[in-house]
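Below is one structure, written out as structure tokens, with a few remarks after it.
The values are calculated or read from the model by the stated rules, or taken from the named source; none is laboratory data. From a predicted model like this one, the values you see are computed outputs, not experimental measurements. Cβ placement follows ideal geometry from the backbone for every residue including glycine, while neighbour counts extend to all protein chains displayed. Heavy atoms of the whole protein, side chains included, go into the accessibility calculation; ligands, DNA and RNA do not. Shrake-Rupley method; radii C 1.70, N 1.55, O 1.52, S 1.80 Å.
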Amino acid sequence: MKRAGEYLDLVAIHMMGQSPKRPDTALKGLRYEKEPEQAWEELLDLSNTVEQRVSELERAIVAADSGAGIAITEGHLSLSPHNTNPILYEWLSAVYHARSLNIYQRHGARVKIATAADFQGNRWTNTAVMLPTPRGAGYLMPVGSIARLFKRHNGKQAVAVKSAPSGLDIAASRTAGKFYLHVANLEYRKSVVANIAVADAKVTGGRVFAIEPEDLRTYVDEDQPEVFKPKEIARPANPAQLRFAPGSVCAIELDVEGV
């Protein structure tokens, strides 16, 4: 930015390199299989580092008096064995990926492009799309399923979330009279109930698209490539209250009058 800031539209950063900090980490090899709840909590902690890094870069851009946006060009976890930890096949990884994508959206005034994975591959598990080798149809890893869900149900303008239960991470947006919520239940064991309302407006209808496996150890592979396909749930005219299953990730569309 100091050398050529006037020519830059975006400043790129790799958000990769997020690795466990605890000496007794469950995020190494297959240790998470014995301590899945600890692994979930560690992944949630790592997502806090994502927030810190985005904020750090925003401050650097402001300090350079630049109007450049941010491009998160790699956003994957870096777990041992090198980029091949099997936890990334499992829904256990969803808490990190969903919250990271929500962080990027909440910082959308600067973050213009973002990925939470390393695109596609046939061996590394930190990819969005897995390509079986030597043959077989490709399928989405959990991070890819979340990214697709959020991309398909998303607005063009940011909306502030004034309040939410502590167990939910929510990013909101809108396009005209339709509002969109990206909701991650950060609780490993508990459902969370939330009342949905739009200030100074009336919700006239809505739909929920949910990925909510009963077992958070559920995994995807070529034998069950659609295991994380979202379920569409029809809602009554005024979806005032919703229950979010433990560890679930949802996209909500709300039809709203009066705004």
* To do: Over the chain, with every protein chain in place, what whole percent of the accessible area is carbon and sulfur at 1.4 Å, could you tell me?
  => 49 percent
* Spin-label model distance (nm) - ALA199 vs LEU131, 7 Å beyond Cα toward Cβ -> 4.8 nm
* Determine which lysines satisfy two conditions relative to LYS21: a Cα distance under 25 Å, and not lying fewer than 8 residues away in the same chain. => LYS34
* Structure fact -> Sorting ARG217, ARG135, ARG3, ARG99 on solvent-accessible surface, 1.4 Å probe, most exposed first, gives ARG3, ARG135, ARG217, ARG99
* Structure fact -> Computed on Cα atoms, the radius of gyration and Dmax of segment 1-132 in angstrom are 16.0, 52
* **Estimated distance in nm for a label pair at ALA12 and ASP45, the labels positioned 7 Å out from Cα along Cα-to-Cβ** => 3.2 nm
* Structure fact -> With TRP91 itself left out, Lys, Arg at +1 and Asp, Glu at -1 over residues whose Cβ is under 11 Å from its Cβ give -3
* To do: Enumerate the amide H contacts of TYR139 below 5 Å, restricted to partners 5 or more residues apart or on another chain; note that Pro and chain-start residues carry no placed amide H.
  => MET130
* Asked: What shape does the chain take by its C-alpha gyration tensor, where a ≥ b ≥ c are the square roots of the eigenvalues and a/c under 1.5 counts as rounded, a/b above b/c as prolate, and the rest as oblate?
  -> oblate
* Structure fact -> For segment 140-185, shape from the Cα gyration tensor axes a ≥ b ≥ c, cut at a/c of 1.5 then a/b versus b/c, turns out oblate
* Could you work out Rg/(2.2 N^0.38 Å) for segment 104-207, with Rg from alpha carbons only? -> 1.31
* Hey, what do the phi angles of segment 205-217 turn into as Karplus ³J(HN,Hα) couplings, whole Hz, using 6.51/-1.76/1.60 and θ = phi - 60°, x for Gly and Pro? -> x, x, 9, 10, 10, 10, 10, 9, x, 5, 10, 6, 8
* Enumerate the lysines that LYS229 could reach by cross-link, defined here as Cα to Cα under 18 Å, with residues fewer than 8 away along the same chain left out. => LYS151
* Asked: Given the Cα-Cα distance of GLN224 and GLU37 and 0.36 nm per residue of separation, how much length would full extension add, in nm?
  -> 64.9 nm
* Structure fact -> For GLN120, the residues 5 or more places away or on another chain with a placed amide H closer than 5 Å to its own amide H are ALA128, VAL129
* Output the relative contact order of the chain, whole-number percent, from Cα pairs under 8 angstrom with separation of 6+ residues. => 18 percent
* Asked: How much accessible area does VAL259 have with a 1.4 Å probe, in Å² rounded to the nearest 10?
  -> 80 Å²
* To do: Once you have a ≥ b ≥ c as the square roots of the Cα gyration tensor eigenvalues for segment 189-241, tell me rounded if a/c is under 1.5, and otherwise prolate or oblate according to whether a/b is larger than b/c.
  => prolate
* Asked: Taking the Cα centre of each part, how many Å lie between segment 103-159 and segment 198-215?
  -> 22 Å
* Solvent-accessible area per residue for the chain (1.4 angstrom probe, square angstrom) -> 51 Å²
* Asked: Which cross-chain or sequence-distant (5 or more) residues have an amide H under 5 Å from the amide H of ALA114, H modelled 1.01 Å from N in plane?
  -> ILE72
* **Neighbour-limited loop hits for trypsin sites (Lys or Arg not before Pro), segment 10-47 (at most 13 other Cβ within 10 Å; DSSP other than H, G, I, E, B)** => LYS21, LYS34
* Structure fact -> With x for Gly and Pro, the residue-by-residue ³J(HN,Hα) of segment 121-137, computed from phi through the Karplus equation 6.51 cos²θ - 1.76 cosθ + 1.60 at θ = phi - 60° and given in whole Hz, is x, 10, 9, 5, 8, 8, 8, 7, 10, 9, 10, x, 10, x, 8, x, 7
* Asked: What does the charge add up to near ARG207, with Lys and Arg as +1, Asp and Glu as -1, over the other residues with Cβ less than 10 Å from its Cβ?
  -> -2
* Asked: In deg cm²/dmol and to the nearest 500, what is the mean residue ellipticity at 222 nm of the chain if only DSSP H runs of at least 4 residues count, each as -39500 (n - 2.57), divided by the residue total?
  -> -7000 deg cm²/dmol
* Structure fact -> Of all stretches in the chain that avoid GluC sites (Glu not before Pro) placed in a DSSP loop and having at most 11 other Cβ atoms within 10 Å, the longest is 1-213
